[in-house]
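The values are calculated or read from the model by the stated rules, or taken from the named source; none is laboratory data. Predicted, not measured: the structure shown is a model, and the values here were computed from it. When we count neighbours, we look across all protein chains shown, and the Cβ atoms used for this are built from the backbone with ideal geometry, even at glycine. For the accessible areas, the whole protein counts, side chains as well, though only heavy atoms, and no ligand, DNA or RNA atoms are used. Shrake-Rupley method; radii C 1.70, N 1.55, O 1.52, S 1.80 Å.
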Amino acid sequence: MGILGLGKVSGDVLERVLGFLPLEEVGLDANPLPPLRGGVVSVNPAIGVPVDCLGFFGFHYAASNVAVSMAVPRYATLTVLLPLGSTEDTLEIIVKGFGREAERYRVRVVAGHTGTYKGVSSPLVVATVLGERVREPVAPSPGDYVVIVGSIGLETLWLLEVAERGEYGVDWRSLTPLPAALKLVRVEGVKLMHDVSEGGLLGALHEISREYDVKISLNSSSVPLAEGVRGVGVDPLLAPSYGSLIAIVEEEVEEVGRVCEELGVRYGVVGRVEEGAGVYVDGVARKAGTRTWIDELYGEFEQKSEKCEVA
């Protein structure tokens, strides 16, 4: 497989890599958009991770946002932008990774663009995922429970591992809230979900607090922390934690626990929604923090890494 030329990839290369995607009808310049009931849409970039897992995260970042919005992902678009000198092999790895996840979650690819351009210094994937809403999210109310699904700080340990700053045995395929969100969307009593991304758990809680004008009280001792994250030199509540999500639950329903146990995912009932505003940790008001030095590890990796090898 040779070096890709400048601009849009050639027709023969495109024909080869499109075979790795679950494609819907393809048009010349634009494709028809299938109808959706109560449609929702999310657009996300993926950049700065090893090429081997770039397609995986490119799919899951956008698909997870759709799922935590109480919807089922149905269709996706895929844009892959590559630096000059990239090979068809690199493109194939990315598209295969994206296509594998789209197939797994029965998502059809309806449009996309692939090219090699000056000014692009790292492989970049931009995905748009459209979904059908199962039900509407419900605003939190005083008395609701705050549940964390997934291990806070697990993404942090993976970043350190890929940067060769420790060995933690993190399976990067677990760094997604999508399986849990797709199960929890059908659990009665789950009113609202929100994934934990930039700004860590504290940032995500502040986003809920601001959006719905409520106070959230958190008991830090109940937060399910990834083993080892306390020792990495950052506040675990600010640590990168993609793969976990926050669920606001009307009552402490046992079904949430059963879903997590079925998926082999940790969870914890960590706090309550109250009247007022802001986020309080162990009774002390906490502002949303700035991003940590660990966030800056994104983009420092080699294009390929054995930490992301896919069979």
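Give the angle, between 0 and 90 degrees and rounded to the nearest 10, that separates the Cα long axis of helix 51-68 from the longest principal axis of the Cα atoms of the chain.
Around 50 degrees separate the two axes.
Using the basic label-point model (7 angstrom from Cα toward the beta carbon), what is the ALA285 to LYS8 distance in nanometres?
Result: 5.5 nm between the two label points.
Does anyone have the angle between helix 200-212 and the longest principal axis of the chain? Alpha-carbon axes, 0 to 90°, nearest 10?
70 degrees
Over region 1-104, what is the mean sequence separation of C-alpha contacts under 8 Å (at least six apart), divided by residue count, expressed as relative contact order in percent?
Once normalised by length, the contact order is 48 percent.
For the chain, just the Cα atoms, rotate onto the principal axes and tell me the three extents in Å, largest first.
Sorted from largest, the Cα extents of the chain read 60, 46, 33 Å.
Just subtract the alpha-carbon distance of GLU250 and ARG37 from 0.36 nm times their residue separation and send over the number in nm, one decimal.
Gain on stretching GLU250 to ARG37: 74.1 nm.
Dipole of region 33-130, Cα-centred, from +1 at each Lys and Arg C-beta and -1 at each Asp and Glu C-beta, to the nearest 20 debye?
Details: 8 positive and 6 negative charges, 86 e Å.
The calculation lands at about 420 debye.
When the chain is treated as a GNM, springs tying every alpha-carbon pair under 10 Å, which of TRP158, TRP172, TRP293 comes out with the largest mean-square fluctuation?
Result for the chain, Cα springs under 10 Å: TRP293 fluctuates most.
Quick one: pull the percent of accessible area on region 1-156 belonging to carbon and sulfur, 1.4 Å probe, ligands and nucleic acids left out.
53 percent
Arrange the residues ASP195, ASP213 by how much accessible surface each exposes, largest first, with a 1.4 angstrom probe.
Largest accessible area first, the residues go ASP213, ASP195.
Pick from ARG133, ARG108, ARG291: which is most flexible by mean-square fluctuation in a GNM of the chain where alpha carbon atoms under 10 Å apart are linked?
ARG291
Counting other C-beta atoms within 10 Å, and keeping those with at most 15, which DSSP coil GluC sites (Glu not before Pro) do you find in region 89-182?
Loop-located and lightly packed - GLU164, GLU167.
Where only protein heavy atoms count, and the probe is 1.4 Å, what is the accessible area per residue for the chain in Å²?
Solvent-accessible surface per residue comes out at 46 Å².
Provide the solvent-accessible area of VAL214, counting protein heavy atoms only and rolling a 1.4 Å probe, rounded to the nearest 10 Å².
Its heavy atoms expose roughly 10 Å² to the probe.
Quick one: compute the contact order of the chain, relative version, from alpha carbon pairs under 8 angstrom and 6+ residues apart, as a percent.
In percent, rounded to a whole number, it is 24.
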